[in-house]
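Reading through the structure tokens given below for one structure.
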Amino acid sequence: MVDRVAVDIGGTFTDVVLETGQRHVTTKVLTSHAQPATAVLQGLRQVLAQAGREPSDVGVVLHGTTLATNALIERRGARTALITTEGHRDVLEMAFENRFEQYDINVDRPQPLVPRHRRLTVRERMNADGEALTPLRAEAVRALVPTLTEGGVESVAVGFLHGYANPAHERMARDVLAAALPNLSITLASDVCPEIREFERFSTACANAYVKPLMSRYLADLQERLTALGVVCPFLMMTSGGGLTSVQAAREFPIRLVESGPAGGAILAAKIARDLQLNRVVSLDMGGTTAKICLIDDGEPQHSRSFEVDRSYRFRKGSGLPVRIPVIEMVEIGAGGGSIASVDRLGRIQVGPQSAGSEPGPACYGRGGRAATVTDADLVLGRLDASRFAGGSIVLDTSAARAALEQHVDRPWRDASQVDAVPAAEAVSEIVDENMAAAARAHAAEWGKDMAGRTLIAFGGAAPLHAARLAEKLGLAAVVVPEAAGVGSALGFLAAPIAFEVVRSRHMLLSAFDADAVAVALADMRAEAQAVVGPIATGELIESRSAYMRYLGQGYEIGVAVPTELSAATLRDAFDAAYASLYGRLIAGLDVEVLSWTLTLRSDASTSTPTTTVHERSHAPQLIAGVRRVARETLAIGDRVRGPATIVEDQTAIVLPAEYDAHIDRRGNVVLANVVLAT
Amino acid sequence: MNDIRDQLVWNRLLAIVEEQAQTLMRTAFSTVVREAGDLSAGVFDTTGAMLAQAVTGTPGHVNAMAASVGKFLVRYPLPTLAPGDVLVTNDPWDGTGHLNDFTVVTPVFDGDKAMALFAATSHIADVGGRGFGPDAGELFEEGLRIPIMKLFERGERNDALMRLIAANVRDPVVAEGDLHSLTACNHNGGRQLLAMLREFELDSFDRVGRWIIATSRRAMAEEIRALPDGVYRHAMDVDGYDQPVHLACALTIAGDAIDVDFAGSSGLSPYGINVPLNYTEAYASFGVRCVVGNDVPNNAGSLQPVTVRAPAGCILNAEFPAAVSARHAIGQMLPDVVLGCMDQVLPGVAPAEGASCIWNPVLRNAGGALGNASATPFVINPIFNGGTGARPTKDGLSTTAFPSGVRTTPTEVNEVTAPLIFTRREYRSGSGGAGTYRGGLGQVIEVVHAQGAPFVISKMFDRIGHPAQGRRGGEDGAAGRVYIKDGGKDGNGGNRRELRGKGQDIVPAGATLVMETPGGGGIGDAAERDPEATAADNAAGLTYRR
């Protein structure tokens, strides 16, 4: 079996995992923002050296990155123009015409990536059936070339009304531009998001155009340096949809990479769910700034087709840039180790969404941070080993944590004669756990799902500290904390399938269903997916198809798995079943319409056989009880720990409240069971 | 000293009502509920005092819903209710101001003991009568009215009521479905509440409820007490239906209370733009809350310090049986009036006036003798917005709903649903009132029939005769316009026929309908504007006024 390497570039750290045989060798290095490939190579050399392997032993590199996301958030992308239909110049900025926060009159809507002076229009028009009402003339496109050149435009998005129904005008514009400006990066809305609803489509196309030159440069640079190092093997990119894709596809559609890191985490949780045969799971990925929660049913994380980049207003829905791409659906809230605690003027303790981040970080980091954070609370409550935090790289300052909690929480909160950091720390911890519980419940409610009976899979630096209490609040009896949870996303890449999703809008009433037209469209989509997946996948390819359907006139579609026997009747049955499970009832006698179709082609497994580490038992199982603190590495398969206790590891610690028992399963996971709820 | 458990209970109540609203939004059939969030949800103690309310897309339900549960309890005192009972009304005065809004109230029992009540309101697209619009002369023409009564009794559905509703509305399937989703979201809320009681080992909400209400009231009171006492007056004229409507407001700050009095405003309209007092209270207090106590959650305590009144016979205190269907058209103007007062109380916090009233025309095929028999029948009700007023330290928002929180419909979806072509829909240059901070821009929408057939527009537009005013030397926003142009080549030139803002018109075969939504007012002298901001506006072509 070949060695596999997974690389996850995050905002602060670049994680590298080398899988060789049954071993995972991991490292974290600081992300090198100017040239991200530098940190990747540094980490790669480290793990190779540590494992005693050669660059030529690497059989495949799997890569996920937040570079595209960060470029969007920090507005560091290319100088981008949008070429659009005359009369509709402001679609990108008019957006949904709404405010996402009712009571704040000073709220600002997200700034579009392309300002008005670079939104250029040409005379052309398609109708909803894809018929050209006004043909596009090549000269009209050519006339824009001087404006693009003078404006220093590096990247162009072309988005015309109803371009999803007929991309001919967009393609013609591309050909004209490419001929005139060979170095121009061009994105067609009808390629990146061929779906009805112009704002979301143009927003997606512009986001893609905005990051395309940057990602293209970075990927070329990385590939070159890997080759120079002697790593000459397939190189695959992790997408936000949880599948791996070719570098070529990634360079064409870099917007699909935006949430690849978190997607990796969800893929890891899904793999653990399958390994442990857990059909109903909720995953918690809690880091320094945010917590991400994902529902995983039958081993599959929940998928969706829309995502918002940069929810800049307290992570509020609507405050980001919408992109329509395949994503693993998650809810993200401002709850992490660095989340800042304060007391509002109603005397209520608030935690987050502001975060102290890693610089200056929580008060206990001793790097000048003054704010009281969740990590400070965890430290004061004795959950963290001050000398072992982050592998000992930072020695935590308990008295600084105490002082911050006393000053910023206890004093304004309790008004007591004697300050005491402990009740404040308990309160901060309770509130952050309550915030996550509320987000998890609301997320489940939004998707018509229930929390009851799920197992919580917790990873990320802060998750093991809060997982048990969160589970308790959600009424969940079991929690799983995997090994090496600190590099969970990169580990997830190793478990991801090779996959590509293609979407097409094709409006159709079921009462006027045209099976032949659908068959042609699906075959075409399959060919497109095959072109991406075919050359890099090994083994059997699995095709899954969904139709996005709704009752005639409704506002939103639901995704319905397309039955193998495709007809109006079978589609109707599938829609009825999906609708009933989501909304609890059907509306008899009303026609159903299909708006769009998706087709996903994926390999049946990850890039190699799943390699769950199965540990050897090193000593007879033991029961550890009445001990406050246990080091995780001293525990072996089958060992049990009775709460209350803290299981300390390098990056973090697992908090085991009194009503919990923990054991180490044969894959090295720590499995927590609530003995009260379980009985 | 605080007990963190009390705060956890409060947080949990807020989370439960958000989830209740989420369930309603997900399961409701009416598009306006799902897309625009025209709904509300809340939990009440056993005296009918509101403890928590979800933050949803419409401020119009805020106080109305809070007051509503008390009225249910007058009709059905709690001791007369049993587990499984569900109450309903769409009475504009007992509910939220027009017949389209159905409020469902569900008592929650732990065993036999009533613990709390859940209430939820949503907009049901059709309730019979003339249909949603301002054209009725009396409530009786506006549809079916359900007084407060039982929708379920001990778990048994009131089939007589359901059949009656089904027989009187145009889309009985939707109405029935929405009543079920209202019932279901309350039920879910109740289930969560009981689980919480067990988790926190509470046997009643009395103590925590009193604490929530008192804490919120105190926070509001403290903020109001810091404001200078006095009577602050502001008035605004708007287009109305057939004649202008005068909205006069006296806002009194005395100690820790604010009283908003609309005495001196116009009398009742003969059309359905009258506003029941509960809806007046909602939008007026929303105007106050935009600048005072906007971080305090809505509940009986935070709502109490702001009182709203209007004399009987006033358009803002319409009594039964006045027509009220389109009460939003006037109601949405009230925050501008109240903010005009608040601007005197707290200079530098209130925005200038904006378009405020949403522009949501009904567009449909012209039937009968006027129509082309072969043209496709259709009806759509898209939402377009104008600009909001400049904020004290920022420009206004272009084409953005305020105070309403609704979303617009995409052009492509409109064109899939109706045989219309929207040849233009973009910013209306120069429509934002100039100022140190300029008003938000309106938009220009041009529509033609795809088959060249005539079509009908039914309008409820405002700020055509009365543009949004600027503040402190800021200029007014551009007035709205709606007109028909025809005969011109390439859509230019030709004849223009201005239309009035209200009522129905026919767009003749081959002609173009043009709607120009109003811009927001500016704040401060335009000469003081940051030259960079002006340059940016000029570069973007936003300032050129046609």
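Each reported figure results from applying straightforward, stated rules to the coordinates on display, with no laboratory input. Model, not experiment: these values are computed from the prediction. Here the Cβ is made from the backbone with ideal geometry for all residues, glycine too, and neighbour counts use every protein chain on show.
Cβ-Cβ distance of A:LEU509 and B:ASP242, R₀ of 41 Å, FRET efficiency by 1/(1 + (r/R0)^6): the value works out to about 0.50.
For segment B:156-252, GluC sites (Glu not before Pro) are listed when DSSP marks them as loop and at most 16 other Cβ atoms sit within 10 Å of their Cβ; the list is B:GLU201. Taking amide hydrogens as placed 1.01 Å from N in the peptide plane, the amide H of B:ASP110 sits under 5 Å from those of B:MET115, each at least 5 positions away in sequence or on another chain. For segment B:92-167, the list of trypsin sites (Lys or Arg not before Pro) that fall in a loop by DSSP and count at most 13 other C-beta atoms within 10 angstrom reads B:ARG154.
For Cα pairs less than 8 Å apart in space and 6+ apart in sequence, what is the mean separation divided by the residue count of segment B:195-250, i.e. the relative contact order in percent?
It comes to 20 percent, rounded to a whole number.
Counting Cβ atoms of other protein chains within 10 Å of each Cβ in B:288-297 and taking the mean gives 3. Separation of segment B:421-486 from segment A:444-462 is 47 Å, based on Cα centroids. Treating cross-link reach as a plain straight distance, find the lysines whose alpha-carbon is under 20 Å from the alpha-carbon of B:LYS71, omitting any fewer than eight places away in the same chain. Here the lysines satisfying the reach criterion relative to B:LYS71 are B:LYS150.
As a calculated quantity, the FRET efficiency between B:LEU202 and B:ALA167 at R0 = 41 Å, using C-beta atoms, amounts to about 0.40.
Output the 0 to 90 degree angle, nearest 10, between the alpha-carbon long axis of helix A:36-51 and the longest principal axis computed from the alpha carbons of chain A. So the helix axis and the longest Cα principal axis differ by about 50 degrees. Full extension of the chain between B:THR307 and B:ALA527 gives 75.3 nm of extra length, using 0.36 nm per residue less the Cα-Cα distance.
Hey, got a sec? Which trypsin sites (Lys or Arg not before Pro) in segment A:93-148 land in a DSSP loop and have at most 13 other Cβ atoms within 10 Å? Walk me through the intermediate numbers first.
Numbers: sites: A:ARG99, A:ARG116, A:ARG118, A:ARG119, A:ARG123, A:ARG125, A:ARG137, A:ARG142; in loops: A:ARG99, A:ARG123, A:ARG137.
When the trypsin sites (Lys or Arg not before Pro) of segment A:93-148 are filtered for loop state and at most 13 Cβ neighbours within 10 Å, A:ARG123 remain.
For A:VAL648, nonlocal amide neighbours, meaning residues 5 or more places apart or on other chains whose placed amide H falls under 5 Å from its own, are A:VAL630, A:ALA631, A:ARG632, A:ILE654. With a 10 Å cut-off around each Cβ of A:413-424, the average count of Cβ atoms from other chains is 1.
Ranked by the mean number of other Cβ atoms within 10 Å of their residues, highest first, the peptides A:522-533, A:556-567 fall in the order A:522-533, A:556-567.
Give me the tail of P(r) for the protein assembly as shown as a percent: Cα-Cα pairs with distance above 52 Å.
Values: 179950 of 749700 pairs.
Result: 24 percent of Cα pairs exceed 52 Å.
Less than 5 angstrom separates the built amide H of B:GLY396 from those of B:ALA390, B:ARG391, B:ARG438, B:GLY439, B:GLY440, all sequence-distant by 5 or more or on a different chain.
Among A:THR652, B:THR106, B:THR183, which comes first, then next, by fewest other beta-carbon atoms within 10 Å? It would help to have the intermediate numbers written out before the result.
Numbers: A:THR652 30, B:THR106 26, B:THR183 18.
The most exposed by this proxy come first: B:THR183, B:THR106, A:THR652.
Sorting B:LEU139, A:LEU590 from the fewest to the most surrounding beta carbons within 10 angstrom yields A:LEU590, B:LEU139.
Farthest towards the positive end of the charge dipole of segment A:176-264, among the residues A:VAL258, A:GLN223, A:SER203, is the Cα of A:GLN223, using unit charges on the Cβ of Lys, Arg, Asp and Glu. Simple spin-label estimate for B:ARG496 and A:THR538 gives 7.1 nm between the two label positions (7 Å along the Cα-to-Cβ direction from each Cα). Computed over segment B:4-216, the percent of Cα pairs more than 23 Å apart is 41.
For segment B:245-259, 3J(HN,Hα) computed residue by residue from phi via the Karplus equation (6.51, -1.76, 1.60; θ = phi - 60°) reads 10, 9, 10, 10, 9, 10, 9, 10, 10, 9, x, 10, 10, 10, 10 Hz, glycine and proline entered as x. Between B:ASP159 and B:ALA214, the modelled labels are 5.1 nm apart [label points 7 Å from Cα along Cα→Cβ].
In chain B, the longest principal axis of the Cα atoms and the axis of helix B:531-540 are about 70 degrees apart.
Using Cβ point charges alone (K and R +1, D and E -1), the dipole size of the protein assembly as shown about the Cα centre works out to roughly 1080 debye.
The phi-based Karplus calculation (6.51 cos²θ - 1.76 cosθ + 1.60; θ = phi - 60°) puts the 3J(HN,Hα) values of segment A:226-241 at 5, 4, 4, 6, x, 8, 10, 8, x, 9, 10, 10, 7, 10, 5, x Hz, whole numbers, x for Gly and Pro. Applied to segment B:435-452, the Karplus parametrisation 6.51 cos²θ - 1.76 cosθ + 1.60 on θ = phi - 60° returns per-residue 3J(HN,Hα) values of x, 4, 10, 8, x, x, 8, x, 9, 10, 10, 10, 10, 10, 7, 5, 9, x Hz, with x for Gly and Pro.
Any idea how far the Cα center of segment A:364-433 sits from the one of segment A:624-648, in Å? Result: 24 Å between the Cα centres.
Based on the Cβ-Cβ distance of B:ASP295 and A:LYS317, what FRET efficiency does E = 1/(1 + (r/R0)^6) give at R0 = 25 Å, to the nearest 0.05?
Values: r = 19 Å, r/R0 = 0.76.
Once rounded, the FRET efficiency stands at 0.85.
Inter-chain neighbour count for A:127-138: the average number of beta-carbon atoms from partner chains within 10 Å of each residue's beta-carbon is 2.
Between B:ASN538 and A:GLN35, the distance separating the two model label sites (each 7 Å from Cα on the Cα→Cβ line) works out to 4.4 nm. Relative to one another, the C-alpha centroids of segment A:493-572 and segment B:179-235 are positioned 47 Å apart.
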